[in-house]
Amino acid sequence: MAERLRTVDEQLKIVLDAVGALDPIELTLMDAQGLLLAENIVSEVPLPGFDNSAMDGYAVRAVDTRDATPEHPAVLPVVGDVAAGATTRAGMGPGLALRIMTGAPVPSGADAVVPLEDTDRGVARVAINRPARSGECVRRAGEDLPAGSPALGAGAALGPQQIALLAAIGRDRVTVRPRPRVLVISTGSELVEVGHRPGFGEVSDSNSYLLTAACRDAGADARRVGIVPDDHAKLLDVLESMLLRADVLVTTGGVSMGAFDVVKQALSELGTVEFTRIAMQPGKPQGFGHLGNQIPIFCLPGNPVSALVSFEAFVRPAIRKLLGKRNYFRATVQASALERMDSPGGVRQYRRGVLHREATGGYSVSLVGGPGSHLIASMAASNCLVVLHEEVTSVAPGSRVTVMPLLLANR
Ligand code: AMP
Ligand code: MG
């Protein structure tokens with residue numbers, strides 16, 4: 001009887017059940033960009049902090065300008081200037097004006113600011129061309145955010161706007177879910193460091209670059225450790241040295257049935273990493289489990305396209321979960337197939353595609369390169385994965401197909 005392969009969804013559930021959001025840490029504001037807040041933030045201060053002018057103009061009492069017109073302006077003595085940065089509140093009697101700059105505290109006794117444009121811009125006296133409304137051009141203390149009110153809630157994503165708010169209320173450190181630290185190694189005795197011209201039979205290690213970049217794109221703090229040859233003892237040594245520095249380990253290569261598939265051989269013996277065959281193409285052989293003190297390890301296949309597809313299927317959702325995100329998955333779109341697409345039934349096939357946005361607003365998609373998992377150049381020419389589900393064997397041109405756009409992520 002044929003072996004029953006595990007489905008992508010079954011494997012994904014095993015992976016996601018094994019990881020949870022990382023414990024919160026305190027970071028400075030700029031280091032917290034892109035992360036999720038892990039505390040409720042209440043502002044101790046009001047925003048704005050004091051009544052201040054929205055314009056360059058003249059602080060007045062609105063009643064003193066009640067009957068002003070261009071022909072019969074209200075003419076008021078100007079008794080001083082208030083600039084932004086004035087740290088005491090000026091006072092102003094009835095029938096007078098103070099020249100005031102944007103952001104400067106509105107003097108006590110004034111209830112409106114008349115913009116320069118509606119005056120003769122006088123220095124000793126000012127002629128005001130129209131009546132001011134009480135409250136006009138005054139930004140009230142606390143009108144944006146009263147003191148003691150919630151500013152941001154736990155779970156909020158810290159984009160530029162949220163970072164601005166935290167800065168405005170004086171928070172220079174916040175408690176957030178940290179970026180998972182991911183360490184990536186490539187395994188394979190054929191691999192050479194990038195920059196060393198490969199000799200006959202040798203291959204530049206592109207996977208550790210691919211996966212480190214993909215981890216970073218997913219929001220992780222990822223580093224490449226480098227290449228490990230197909231050598232049992234060396235592999236275990238390097239993995240051991242990585243354990244204290246990582247929240248997640250990722251390896252590529254060495255997980256198939258070959259005589260030198262060292263990752264599978266060495267880690268199977270430890271009993272904490274499971275090697276399975278998944279009903280997907282590419283990416284059939286997968287390893288997942290834990291090493292050391294429960295550090296999740298993903299052992300991905302070595303073919304570059306398999307490595308990317310495996311990353312998208314399993315590692316990226318796990319990284320997003322570790323970050324504390326509630327939605328771990330990339331958005332997919334439905335697109336009209338621009339060509340016939342065939343897929344073996346019973347497996348989930350991921351093809352490289354080019355997604356086009358139609359003038360009508362919908363999407364269409366064409367394939368780039370064949371299904372071969374060694375096609376790095378066509379992978380680089382793609383901007384999406386076309387997902388041909390288990391039940392699909394053929395997609396006719398014009399039919400709808402599921403597409404996972406691989407956009408540069410929101411970190
Ligand atoms: P493996 O999964 O180790 O059997 O490798 C499958 C194929 O992927 C072989 O052709 C390898 O040379 C290639 N490969 C493995 N690791 C890498 C890597 N880090 N960079 C580029 N190609 C790789
Ligand atoms: Mg290998």
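For residue 125 and residue 102, FRET efficiency with R0 = 22 Å and r from the beta-carbon atoms, rounded to 0.05?
That pair, residue 102 with residue 125, gives E of 0.50.
Dividing the Cα convex hull volume of the chain by residue count, how many Å³ per residue is that?
About 210 Å³ per residue, rounded to a whole number.
Any idea what the relative contact order of the chain is, in percent, if you count C-alpha pairs under 8 Å spaced at least 6 apart?
Values: 967 pairs, mean separation 65.7, N = 411.
16 percent.
In the chain, how many lysine pairs have Cα atoms under 22 Å apart, counting only pairs 8 or more places apart or on different chains?
Step by step, the pairs that qualify in the chain add up to 6.
Which ordering of 120, 261 is given by a fewest-first count of other beta-carbon atoms within 10 Å?
120, 261
Residues with amide H under 5 Å of residue 188's amide H, sequence separation 5 or more or different chain, H placed in the peptide plane at 1.01 Å from N; which?
228, 230
How about the stretch 140-173: which trypsin sites (Lys or Arg not before Pro) there lie in a loop by DSSP and see at most 13 other Cβ atoms within 10 Å?
Here the trypsin sites (Lys or Arg not before Pro) that fit, given the DSSP loop and packing criteria, are 140.
Distances over 20 Å make up what percent of all Cα-Cα pairs in the stretch 333-405?
22
Just to verify a number: FRET efficiency for residue 87 and residue 213, C-beta to C-beta distance, R0 = 41 Å, to 0.05?
That pair, residue 87 with residue 213, gives E of 0.25.
For the modelled label position 7 Å from the Cα of residue 241 along Cα-to-Cβ, which residues of the stretch 180-217 have backbone nitrogen atoms closer than 16 Å?
Of the residues in the stretch 180-217, 183-188, 193 have backbone N under 16 Å from the label point off residue 241.
Using the Kirkwood radius over Cα pairs, work out the Stokes-Einstein diffusion coefficient for the stretch 264-399 at 37 °C and 0.692 mPa s, in µm²/s as a whole number.
Working: Rh = 16.4 Å.
Diffusion coefficient, whole number: 200 µm²/s.
Multiply the residue separation of residue 44 and residue 194 by 0.36 nm, subtract the distance between their alpha-carbon atoms, and state the gained length in nm to one decimal.
Value of the extension gain: 48.7 nm.
With each label point set 7 Å from Cα along the Cα-Cβ vector, what nm distance links residue 377 and residue 231?
Computed distance between label sites residue 377 and residue 231 equals 3.4 nm.
What distance in nm separates the simple spin-label points at residue 402 and residue 149, each placed 7 Å from Cα in the Cβ direction?
Here the answer is 4.3 nm between the modelled labels.
Write down Rg/Rh for the stretch 30-88, rounded to two decimals, with Rg from the C-alpha atoms and Rh from the Kirkwood relation over Cα pairs.
1.25
The numbers here are math on the coordinates, done by the rules we state, and not lab data. Small disclaimer: the values here were computed from a predicted structure and weren't measured. When we count neighbours, we look across all protein chains shown, and the Cβ atoms used for this are built from the backbone with ideal geometry, even at glycine.
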